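Notes for the one structure printed next.
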Amino acid sequence: NREQWVDPRVIEGYNGNFYLLDAGSGKILRYLPTADGYSNPPDNYLEGDAALDLSRAVDMAIDGNIWILYSDGTVQTFFQGRQQPFVLESPPNGPITNPQTLFTGSAAGDAQTLFIADSGGSRILEYDKSGKYLRQFRPADQADQEKLRRMTDLQVDELNRTFYILASDGLYRTDIPEQAESQE
């Protein structure tokens, strides 16, 4: 059904289903597994076949809820196709200026935090799933700050307390500090 896609931006998998955020149609298409892959036409995940303005969407993550990160640093969340009330607290040191990716935790949905890679602020922000700001990770070293300015993706190994940061010039691994307000 790719001829129906208008502006596909992000894909994710969850519980065997395949999700595609199509910014042009304003839909999150859900493909259910079939014996030969995902050959059936998708349905619109959004309640009542609704459409959203997804033109500013930069990332999507799924942990039971679907989380959408927008270019202005806002986040929307949906459960069973319905939008849920959600507002991020403002982080210290200014607003989110160039968000790249959102990480919600494992597919099992047991993680209690959200991470946002803000390359404009050279930082990784951590929130609880109610939108409360918890802490930020900013390198003290100027060279490392520049690496975070080039961030394009982020994975978090919560069990081993490790960030994997994809930047335009490489893949970096760093331990997640334990302190309340962290400098990495």
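Would you call residue 12 open to solvent by 40 Å² or more (accessible area, probe 1.4 Å) and touching a Phe, Trp or Tyr at 6+ places or on another chain (Cβ under 7 Å)?
The answer is yes for residue 12.
Output the residue which, of all residues in segment 134-167 that are acidic (Asp, Glu) and free of Cβ contacts under 8 Å to residues at least 40 places away in the same chain, is farthest from residue 114 (Cα to Cα).
141
Against the definition (free of Cβ contacts under 8 Å to residues at least 12 places away in the same chain and under 16 Å from residue 20 (Cβ atoms)), how does residue 44 come out, yes or no?
In short, no.
Yes/no per residue for (1) in a strand (DSSP E or B); (2) open to solvent by less than 20 Å² (accessible area, probe 1.4 Å):
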| site | (1), (2) |
| --- | --- |
| 21 | yes, yes |
| 55 | no, no |
| 76 | yes, no |
| 86 | no, no |
| 97 | no, no |
| 116 | yes, yes |
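Pick from segment 99-114 the residues that are without any contact (Cβ under 8 Å) to a residue 60 or more places away in the chain and assigned to a loop (DSSP other than H, G, I, E, B): which of them is most open to solvent (accessible area, probe 1.4 Å)?
Among those that are without any contact (Cβ under 8 Å) to a residue 60 or more places away in the chain and assigned to a loop (DSSP other than H, G, I, E, B), it is 112.
Could you tell me whether residue 146 is acidic (Asp, Glu), more than 24 Å from residue 76 (Cα to Cα), part of a loop (DSSP other than H, G, I, E, B) and open to solvent by 20 Å² or more (accessible area, probe 1.4 Å)?
Considered against the rule, which asks whether it is acidic (Asp, Glu), more than 24 Å from residue 76 (Cα to Cα), part of a loop (DSSP other than H, G, I, E, B) and open to solvent by 20 Å² or more (accessible area, probe 1.4 Å), residue 146 comes out as no.
In segment 1-27, which residues are over 19 Å from residue 153 (Cα atoms), without any contact (Cβ under 8 Å) to a residue 40 or more places away in the chain and out of contact with any Ser or Thr (no Cβ under 9 Å at 6 or more places or on another chain)?
Hits for segment 1-27 are 2, 3, 16, 17, 18, 22, 25, 27.
Quick one: in segment 170-184, which of the residues that are more than 16 Å from residue 133 (Cβ to Cβ) and surrounded by fewer than 10 Cβ atoms within 10 Å (Cβ to Cβ) is modelled with the lowest pLDDT?
By that ranking, first place goes to 178.
Those residues that are open to solvent by 20 Å² or more (accessible area, probe 1.4 Å), within 28 Å of residue 151 (Cα to Cα), part of a loop (DSSP other than H, G, I, E, B) and not hydrophobic (A, V, I, L, M, F, W, C), I need them from segment 26-53; list them, please.
Selection gives 53 alone.
The values are calculated or read from the model by the stated rules, or taken from the named source; none is laboratory data. Predicted model, so just to flag it, every value in this text is computed and none were measured. Please note: Cβ atoms are built from the backbone with ideal geometry, for glycine as well, and neighbour counts cover all protein chains shown. Heads up: the accessible areas ignore ligands, DNA and RNA and are worked out on the full protein's heavy atoms, side chains in. Shrake-Rupley method; radii C 1.70, N 1.55, O 1.52, S 1.80 Å.
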